Each structure stands twice: as C-alpha cells, then as structure tokens.
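Beneath this line is the structure, given in structure tokens, with notes to follow.
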Amino acid sequence: MAYTLNVNGKTQTVDVPGDMPLLWVLRDSLHLYGTKYGCGIGQCGACTVHIRGRAARACQVTVQNAANAPIVTIEGLSADGTHPVQKAWMDLDVPQCGYCQAGQIMSAAALLATTPKPTDADIDGAMSGNICRCGTYTRIREGIHRAAGQKAEAL
Amino acid sequence: MTSNVNRRNFLKVSVAAGGGLMIAMYTDAFADLLAQGRGGPPPPPLEPSAFIVINKDNTVTITAKNPEIGQGIKTMLPMLIAEELDVDWKDVRVVQSDVDSAKYGGQSAGGSTATPGNYMPMRQLGAAARAQLMAAAAATWNVPESSVMTMGGGTVMHHASNRNLKYGELVAKAATMPAPALASVTLKEPKTFQIIGTKVPSVDNPAIVTGKPLFGMDMNLPGMKFAVYEKCPAFGGTVASANTADIKKMPGIVDCFVVEPNPQNSLSGGVAIVADSWWTAQNARKSLKITWTGGADNSTAAFDTNAVALSKAAPQSVTRNDGDVDAALKSAAKTVTAAYQYPFLVHAPMEPMNCTSKFADGKLEVWATSQTPQQAFQIATRLSGLDAGAITMHMQRMGGGFGRRLANDYIAESVAIAKMVSGVPVHLRWSREDDMAHDVYNRAGGWHFLSGGVDAAGKLVAWRDHFVTVGSQSRPSGSATLGNTEFPAKFVPNFSIVQSINESAIPTGPNRAPGSNVLAFVMQSFMDELAHAAGHDPVAFRLAVLDTPPTGANGGVDAERAKGVVRLVAEKSGWGKRTLPKGTGMGIAFHFSHRGYFAEVVEATVDAQKRVKVNKVWVAADVGSQIINTSNAVNQCEGSVVDGLGQAMSLEMTLDAGAMQQHNFNTYPLIRMRQAPVAIQVDWLLSDNSPTGLGEPAMPPVIPALCNAIFAATGDRVRSLPLSKHGYSWA
C-alpha cells in the first residue's frame, strides 16, 4: 500500500506494508542510513528520530502511523552538520564506535528544544532511553551541556 | 619462525594516479603480526603496501590498514605516519584499506596489539617519506641533504638560502629518487611531537554526527537482496527438515534453502531466507517450520551444581604450585575461605552482525565487518571455492566489536548464502535476538574456590584457587582460562592454582580483556578480604604483597609498575585522607593485562534499599612512555569503566536446554545514562616503556573496585555476579 511520508521537509511516497516499522522504511526504502537498528523493541534508542518535534523510536512506529506527520532524521537535523549538538559532539570527540550516536544526538536535540538549559537530572531523564554500548555517557552529558552553552555540573 | 634470512624492511616510491607521490612499505614486523594472528608462519607479503600518497595540492592521503570497531585505530595509525612525515593534520585525508594480507601484513582488531605492533613501523614509514622529500628538495636546489630540514606543514626549507618548497611541489622529483632504507631513518624526538600526544578527534566524526552511511549495516548496492538465517536455539543443532518450499511461495521471497554446517569454516547449519526487503525476510521466519537434530543440553543450574561437586573432588590439573599451601594455611594466623562465581555474558555490540556478499562473473566481493578480516578472507576463499585473486573484501566501520567480531561466523553465512543467489548482492542481517542467541560467549561462566592465609604480622603467606571452568575433553573453552602468572602469582610464597572442567558445549571466545575481565573481580575481591582479615588498609596490603620477593616461575606483573599505579590512584582519590559519610565507601583494585597496568578506585554510596550510586571513579594507568591520542585514550578508559560497572551490576546470560534465555535488551539491561558515573578521572603514569594499547586493560579493575567499595560502605562482601542477584540496583 502507498503511504505519503514527510521526511526532512521532503514529501515522498512509499509502497510498503502498513505495519512495517518506520525504521525499515527510512533505511531500506528511503536509503536514509543514519537512523540505526539496535534492538527493534524500543529499548536502545539507536533509531531515535523526531516526529512532530518529539523524540520517537522509529522501530516502534508503523509507517501507517507516521504517514503525513513531519519527521526529522539525523540527516535533516541540520543542512551541514552545524546543529549545536552535532558541533559539540565533534568538539568533544564524543563517539567511539559511533553507531548509537545519531540516536543520542536526536534525543539530545529534542531535549534542548524544550529545555534549553538542562540540569544533569534533565539529561538523565531524556537520555536514559539511549544505550551507548561503548560507554560514552560522560562525554554525551558534557556534549549536551556544551551545546546548551553551559559548563558541566560535576566536572 | 627463525631463519638466517635478513629481516626485510623496505620502501617503494612511485607515481600515484593524479600525479602524486606514492610511498609503499614492506616490513617484516607486519608479517610477524600476521603470523601471530594465524597461529603460524604466513607466506611473506609479496608487495609493499601503499600507505602514503602526497598529492600535488600538498594534501596527504594516508591509508588506515586496521579494522575500526570504535577503538580509534583509523585515526591513530595515520597520526603516527603524519607526525613523522611532518605535515599538518588538517591536510591529512584518511582512507580505509581493503583486506589484503599481501599488502598490509597484519590487519586485525584484538588483544590491544595495534599500538605496540605499529608504533615504530608507522613512524618509520612517515620518517622515510619525509627523508625522501628532503632528498628531492636537496637535489632540486643542488645542496647537501644535510642542509635541508622540514618545517612542519609539509614544507622543506633550506635555511642558508632561505628557500622552501611544499611537498606537493616535490612529488615529481621525489618519485624518481631511490627510497631510503627504512631502518636507518631518523625519528623525531618525542618532545617535538606536534600530532602524537594531542587531542585528535576521530576522522569519521563528521560522517557519524550527520548520519552518513559508514557501517556494514549501511550497505546499499544496486539490486541488493536481504537475507536472514535461522539456526538451532541449542548450540550445534542442525536442520533435519524445513518447510522451505512453503516459504518460497510467500510474496517478496526470493529464495529459501537449508545450509549444511561446515564447522571448519565457522559455518553453522540453518535455514536461509532471501527476500526483497529485510522486513519481509524477517517476517517470513514466523512461518518457518524446522525440525532440529542434536545440539547442546547445558543449563546454568547443572553447571552450578556440577561446579560445587568438582570443587569437592581432587582437581583435574595443576596450573601452578609454589611452596606448601596446605602447611602454610595450617600455620597461618588467619585464614579466609570463599567461593566466587560469575555468569556467562554476551558481547552485544550495538550493531548486530551483518555482512554483504556478491557472487558474479566468477568473482566474489564481500563488504565485511570483522575484527579478523584476514581470517574472514580465508573462510571466504574456502567456502567460495575461488582463488584469492578472485575475491575482494572491503572493511566497513563496525558498530562495536568487544571481541565478538573476532569470530567470522556471520561472514561465512553471508558467503554461503550469496553463493546460492548468484548475480546479485545479498545483505545478511542478524536481528538482536540472533545476536544474543548465537554469540561466541564471554565471559564464560566460572567458579573459584579460594583459600588464603595471613601470618601474625598480617603478611599474605598462602593462596589457593581451585578454578572450575567450562570446557570439554579436559581443556577450557575459549578464553575461559586462568594462566600461571595471574596476580598475585609469584608474590605469595605458598601459592597454587588447580583446575577442573565443567563439561560444556557452549561456544566461547574473547571479550574485552578476555579472562582478565572477570579474574580481576575474583583476585582483587579476595585480596581485599585478606587485607581486612589481616587488619591492614587495602592499599597498604597490596603494596606489601608487591614488595614480596618473587617465588617460583617469573613473568607476569612488574612490581614497580604495579606499585606506581596503586600509589598514584591512592594519591589522586585521596585514599584514607577523606572522611566519608555513612553508607559511602571507597574500593581499590589493581590489574595487569594487555601490557597495561591499571589501578582504580570507586567511591560509591549504598542506601538501605541496596541502591548504589557511583560518585566517582579514579583511573591510574601505566601504558608506557607516550599517550598517542589524548582524547581517545581517555574515552577508552571512561568507556571501559562504564562497561565494567554495567556488567557488574546487571548482566547475566543463563542457559536452559542448551539455549540462552535472554534475547534482547529488556532482559539484558545494559547500563544507561542515569546509572553511569558522572565523574571519571584518568591519570597517566608515564614510564620508560614502549607505548601499549588501551582498548581493554582499563576495564578489569573497575568491577572489584566497585565490589570493594560496596564492602567498605556496607560490610557486605559480594562473591558472585551480577550484583543484582544480591538485591543491589542502581540508585
């Protein structure tokens, strides 16, 4: 069945089963590979995108439920990698393997959109749905504070 | 391999495509690394590998030869070359090599070996290239070579005449000149380093933060099909029958077939489904009807029962025996007896296993994610039946390794499946459930039955460990070993390690700091128990043990380096100097592995509900004379600490009827942001030793440091992992 998706400001039509998770539509139909697969059950956050401005796990949203809603993926977060979170991630050399980081960045950007000056507790709340198997949490926390123009609390 | 053939190290210079200067290297050091990786002598590399291309525009393209799993090697190896080449890092472009043992010698990610194995050869290569360019400049100016020097930024200068030339201007001349002898090149003095010893962010960061395709999972090739592979839940089981004909009739399915096992090539038997999309293939698995035959029947309950029985019987083998442990225990002022235990873990890198292969026109092309790509190449050669010359294997960035991708089972599957679907590329993608059900598990579960004794002065005089480990036919399973130099071996006058085998058919292999990742928990927790039995401070007790004159076989820990990091971490953490509130404690642990010396202190607060908050972790490390990339070095240590804390608190894989019972992150709770410590301090103890690796050795000590901190805070000694089994949770 055909569904109309609004991804990164572009309207596109895909012909896929209605129960297909948005994650696989983004990756395998639209060839947007920044959104990652880690668990498929909404536990790891590697597939985090913005739907109507809110962080959502693309593996838990079917294409039929995502149709027509504005969706932003890591590819659309900024035109050229200059979103404050992306810049902070590069400045602080946050990634190790890098696989989870698109999801981390999307969760962090959604947090800052609603909470421009987050506390450590805010960060814990917004970021604990994203697993980093390499354990870069210290730098992720610092990166969010940096993107918010803050000094880290504990460092 | 010993021979009277001269060691060979040489360079080859030639004109690169586009008119640049290409500098290629052959060195026996890489051949040796390759030999170690294969467990035997290899055929020597045939042709020098092109590592450096100096372009006419003065940019430099450097090839990174090793697989990148997040350990930072794709950035670090080129840093070593660029430093000695004396160029600005901003002018460097890094490209990932393909898999080619003839060109690159050893290409692997494992054992924290890349730093010790490449630190000198990569620098020599860069220095040789610089010498070549200096010689070209001297010839151009008709001045002695000794009168020219490089000025950084890819510039050669002749001071006397105040002339300079950019490397890009010298490439044509340099390509016509003989290459310098690699061994005789002059290396920089470390104090003049401009790139080594600085913060150099990962070269892939711009692609990572913008979501560019980069990983094995991100492959997109024209006409590509998607495969899933169903294997027996019980390890080693094979297909007796399957309804492949029914599956083939389903919409979107390209093919469905049984693959026969080929254990010599890491291939398990199973059923492959190939479809137009992965989602279609994955959904079709629900319609599979497979009858399995054979397979393991191990269970966690039986392992535990059997381990206790084995501990009461005579040990099956002796690993080490110094002095007279029985007599020393009898005469000791105080003795402690304790049983320690730890469960199986799964590696669970964030990117599930995957591989893309294409058979066409008598050739095979593979896009691999492997920590041992040269072994993967050999497997691909044997399974395809093709000559090595007909196979191209590319290396994709990997979403984590941790040792999982040392095994190439999923690459074998990809090649075997693609061979059946010739003409189009096939992307095999495991689900997370596949990943957790079919790992090469580690840690392997293990059991330690310990006795120790201290004399009236509180000195450690006796230590015995009856180690019960999984294995078969009287041999431990992969990485489920305890060697004869494990600390405190040689520092206790009466010391023995004996061993018995718990029969197991579960595949195991290395995980980050294999063996060490859990032996440190046992040894350093029991060391703490003995310190408290002796009535001594845990830091002072460890230093006293390290001051004990060696007994028996030598090797293993260097006492001076060990004491250095123990003292440093005590100083940095304010050990014994701070008054802590009730319910807060500090624990120390030391461990030596992968050539690195690490002492770590955890400060933790434990509340009445056994909720644990790690306030801070201090890491003191001696990995030699030079930290190469100061950013990634700290990142690796922080990640290792977080990894270890997560394992200690919550992680466990259990078995029933030969199958693992945890299938995804809902039942295998990896550590999260709110649970991880906010503050981790890393201090380096620079020593007069060659630089060594950082992918692994920071991890082992943090587990016992946490357990020792919990003891200090509560008086509760935890002797089995994970802590969650004892009622603990994160605050």
Being out of contact with any Pro (no Cβ under 9 Å at 6 or more places or on another chain) and without any contact (Cβ under 8 Å) to a residue 12 or more places away in the chain narrows it down to one residue among B:Lys249, B:Lys334; which is it?
B:Lys249
So, of the residues in the range B:401-425 that are crowded, with 24+ Cβ neighbours inside 10 Å and within 14 Å of another protein chain (Cβ to nearest Cβ), which turns out to be nearest to B:Val99 (Cα to Cα)?
B:Arg405
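Consider B:Gly471 carefully, then state whether it is more than 14 Å from chain A (Cβ to nearest Cβ), assigned to a loop (DSSP other than H, G, I, E, B), surrounded by fewer than 23 Cβ atoms within 10 Å (Cβ to Cβ) and not aliphatic (A, V, I, L, M). Let's see the steps before the verdict.
Values: more than 14 Å from chain A (Cβ to nearest Cβ): yes; assigned to a loop (DSSP other than H, G, I, E, B): no; surrounded by fewer than 23 Cβ atoms within 10 Å (Cβ to Cβ): yes; not aliphatic (A, V, I, L, M): yes.
The answer is no for B:Gly471.
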Are any residues in the range A:40-66 aliphatic (A, V, I, L, M), within 14 Å of the chain's Cα centre (by Cα) and either surrounded by fewer than 16 Cβ atoms within 10 Å (Cβ to Cβ) or at the interface with chain B (Cβ under 10 Å from one of its Cβ atoms) (or both), and if so, which ones?
A:Ala46
So if I check each of B:Ala102, B:Ala82, which one is surrounded by 21 or more Cβ atoms within 10 Å (Cβ to Cβ) and touching an Asp or Glu at 6+ places or on another chain (Cβ under 9 Å)?
B:Ala82
State whether one or more residues within the range A:47-69 are of a type in the set (S, T, N, Q), part of a loop (DSSP other than H, G, I, E, B) and not assigned by TED's automatic domain parsing to the domain that holds A:Tyr137.
yes
Matching option when the condition is within 10 Å of another protein chain (Cβ to nearest Cβ) and surrounded by fewer than 19 Cβ atoms within 10 Å (Cβ to Cβ), among A:Ala69, A:Ala121:
A:Ala121
Quickly run through the range A:79-96 and pick out the residues that are surrounded by 24 or more Cβ atoms within 10 Å (Cβ to Cβ) and within 7 Å of chain B (Cβ to nearest Cβ).
A:Gln86, A:Trp89, A:Pro95, A:Gln96
Would you pick out the residues in the range B:634-657 that are part of a loop (DSSP other than H, G, I, E, B) and surrounded by fewer than 20 Cβ atoms within 10 Å (Cβ to Cβ)?
B:Thr654, B:Ala657
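Would you say A:Tyr99 is in contact with an Asp or Glu (Cβ under 8 Å, 6 or more places away or on another chain), surrounded by fewer than 24 Cβ atoms within 10 Å (Cβ to Cβ), facing chain B (nearest Cβ under 8 Å) and assigned to a loop (DSSP other than H, G, I, E, B)?
No.
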Exactly one condition in (1) surrounded by fewer than 24 Cβ atoms within 10 Å (Cβ to Cβ); (2) in a loop (DSSP other than H, G, I, E, B); (3) out of contact with any Leu (no Cβ under 7 Å at 6 or more places or on another chain) is not met by B:Phe449; state its number.
(2)
For A:Gly76, the lone unmet condition from (1) facing chain B (nearest Cβ under 10 Å); (2) touching a helix residue (DSSP H, G or I) at 6+ places or on another chain (Cβ under 8 Å); (3) more than 23 Å from B:Tyr668 (Cβ to Cβ) is (2)
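Please list, ordered by residue number, the strands (runs of 3 or more DSSP E) wholly in the range B:139-248 having 1 or more residues that are of a type in the set (Phe, Trp, Tyr) and under 29 Å from the mean Cα position of the chain (by Cα). I'd like the intermediate steps shown before the answer.
On the way: elements: B:148-150, B:155-158, B:163-166, B:225-230, B:238-242.
Ranges flagged: B:225-230.
The values are calculated or read from the model by the stated rules, or taken from the named source; none is laboratory data. Everything numeric here is computed off the predicted structure, so don't read it as measured data. Heads up, the Cβs are rebuilt from the backbone with ideal geometry, glycines too, and the neighbour counts pull from every protein chain shown.
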